[in-house]
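Please treat every number below as a calculation from the coordinates, not as lab data. Remember, it's a predicted structure, so these values are computed and weren't measured experimentally. Note that each Cβ is placed from the backbone with ideal geometry, even for glycine, and that neighbours are counted across all protein chains shown.
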Amino acid sequence: MTLEELQTFCLIEIEKLLQNNGKSLKDYAGMPLPNVDLISAFSNSMVVREMQYDVSEMLAQHDDYFAQLTAEQESIYHAIISRVLNKEHGFFFVYGFGGTGKTFLYKTLSTKLRSERKIVINVASSGIASLLLPGGKTAHSMFNIPIELNEESVCRIRVNSQKADLIRQADLIIWDEAPMTNKLAFEAVDRTFRDLMKVTSISNQNLPFGGKVIVLGGDFRQVLPVIPKASRAEIVMASINSSYLWKHCEVFNLTRNMRLESVAQNSDMDELRLFSEWILQVGEGKCGTRIDDRVFVKIASELLIPITDDPITDIVSVIYPNLSENLNNSTYFQDRAIFAATIEIVEEINDHIVNLLPGEMKEYLSSDCICGTDANVDIDLNWINVEFLNQIKCSGFPNHSLKLKVGAPVILLRNIDPAGGLCNGTRLIVHSLGRNVITADIVSGSNVGDRVFISRMNLIPSDSGLPFKFQRRQFPLLLCFAMTINKSQGQTLSTVGLFLRRSVFSHGQLYVAISRVKYKKGLKILLCDENRPEDDLTENIVFTEVFNKIFGMFIYLL
Ligand SMILES: Nc1ncnc2c1ncn2[C@@H]1O[C@H](COP(=O)(O)OP(=O)(O)OP(=O)(O)O)[C@@H](O)[C@H]1O
């Protein structure tokens, strides 16, 4: 910010305070007035926030990142930057498996444009992924995307609002983890942007995303949009590459595993390469044995945990060794977790482990009720009593009874304060259990080490599968010694135990579970699904048709 801009910004703030008290700067002789030419830009606090980056710091960071770009990253960088600088529209998709440097590319693009005082909006489909982006937010909160979507949905952004103005002024929009978002969300954003951008030029209403330069990124091997009870075809059809927008998209491919290259000097390069290749083959459904229309993958013996009569104890002792000695060691829980396919199994493991912890267990019971607006639904609400509501369990939603102990790891289920590192998916360690407030320490994401206070919230599940809406007042927390595979997407851990008493049931789940670790030795798998044809086989589900509309579309710039 220049000195003149800073002065105008301060004067506007003083003027607002004075006006609240029936006065104005004009009432005080000798007081300077804000520069009228800058007033419109500075009256929008959202725009001001996006322009507050330190230009010289951005430039220094950019030069450092740019010097490291690989040839493929650099060519994509130039393709995107030239659209922005030439004020042309562009709709891009950066495709690449985990570790190929997508985030690194986003950071290079963001610092370049911010160093020139241009506006970059960084969003991600999940709270966890948004923490990795500079100034990142979730796409749903940034664009006010409705929870319930259909083919005509639009975002709740008024044409003359501050947010609309910010979007109009944005030079680049980056949206990470795009494949996990339903195409209807992108289409709602597209319709909204066309509407907002036609104010600038009527022809913008005919361009995808109203003519903005928008970069989506992600990996179609990962979990696709979650739609309860949807068929394979419905899930594939809900992906962004089944949208009417996709034909306008320019698709770039990143292929070098930079995460692997950055750790390889200190490790066994060949083992890492083979492990990484196996993960990719699992992700693309290119390995395994087909038995009765199902594909089974062989798990190497060194990854397998031998089973006994008590598989939960077996996996807990491997993933959480010396549990009681490590209770006060915050790094112990920070980097390890057990994954399972369903919430029922996850709950069983969590209950088992929390009972092993010393200390007093505290139980928090929720207060549940039917949402007022649903009191007129076409069902007899008399049979839905409180006991019935208390028994409802939904994915990503706290249970009626939440049993916790000090020292237990928990996962946050709502985006409370993304800027402060409190997102849906943030992991915390319970520090104290008050009556109305739980104190906890952040152990994942951007604000590791911060102590935070969590209070009860009114929570409404968006996909309970019930014909009415209900509200639960409860702490937005779940124990997370174990978590569902879907919830693990976006996390990187050093020790992962995959507990497959029930095999995976949807696209990308096995790939997501095995790709959360950086090294092979961090992954252990326990197979005890009674339906597996052989002891070391587990089912892998890959909707290969989702790749059809991507592999043929790569633009090679080199
Ligand atoms: N050109 C590069 N030079 C040096 N290091 C790089 C480069 N590109 C990426 N990296 C490093 O490689 C690692 C992985 O990169 P990054 O996190 O950007 O990958 P990603 O594709 O976003 O992965 P994920 O999808 O798992 O989030 C990071 O540590 C990053 O700093």
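Shown here: the stretch 102-197, whose C-alpha atoms stretch 36, 29, 15 Å along the first, second and third principal axes, sorted largest to smallest. Under a model in which nothing but the beta-carbon of Lys, Arg (+1) and Asp, Glu (-1) is charged, the stretch 3-43 shows a dipole of about 200 debye around its Cα centre. Positive end of the dipole of the chain (Cβ unit charges, origin at the Cα centre): among Leu254, Phe186, Phe481, the Cα lying farthest that way belongs to Phe186.
Taking 28 Å as the limit for the C-alpha separation, the pairs Lys137/Lys286; Lys87/Lys137; Lys16/Lys118; Lys183/Lys469; Lys112/Lys212; Lys102/Lys286 exceed it in the case of Lys137/Lys286. Rg then Dmax, both in Å and based on the Cα atoms of the stretch 219-289: 16.5, 46. Extent of the stretch 251-375 along its three principal axes (Cα atoms, max minus min coordinate, largest first): 51, 48, 36 Å. Extension gain, Ser401 to Ser242: 0.36 nm times the residue separation minus the Cα-Cα distance gives 53.2 nm. In this label model, Ser317 and Asp351 are separated by 2.3 nm, measuring between points 7 Å along each Cα→Cβ vector.
Going by neighbour counts of Cβ atoms within 10 Å, the residues Arg117, Arg290 line up, fewest first, as Arg290, Arg117.
In the stretch 404-558, the inverse of the mean reciprocal separation of distinct Cα atoms equals 18.4 Å; this is its Kirkwood hydrodynamic radius. With the cut-off at under 15 Å, measuring from each backbone N in the stretch 492-513 to a point 7 Å along the Cα-to-Cβ line of Ile227 picks out 507. In the stretch 3-43, one over the average inverse separation of all distinct C-alpha pairs is 10.3 Å, which is the Kirkwood hydrodynamic radius.
Counting only DSSP beta bridges whose two residues both lie in the chain, roughly 50 percent are antiparallel.
On a per residue basis, the convex hull of the C-alpha atoms belonging to the stretch 1-111 measures out at 143 Å³. Subtracting the Cα-Cα distance of Ser462 and His431 from 0.36 nm times their residue separation leaves 8.2 nm of extension gain. One compactness figure for the stretch 329-483 is 1.08, namely its Cα radius of gyration divided by 2.2 N^0.38 Å.
Any chance you could run the full-extension gain for Trp383 through Thr342? It's 0.36 nm times the residue separation minus the Cα-Cα distance, nm to one decimal. Full extension from Trp383 to Thr342 adds 11.9 nm. Rg of the Cα atoms in the stretch 50-163, relative to 2.2 N^0.38 Å, amounts to 1.17.
Scaled to the globular estimate 2.2 N^0.38 Å, the Cα spread of the stretch 293-337, given as radius of gyration, is 1.55. What the Cα convex hull of the chain gives, in volume per residue, is 196 Å³.
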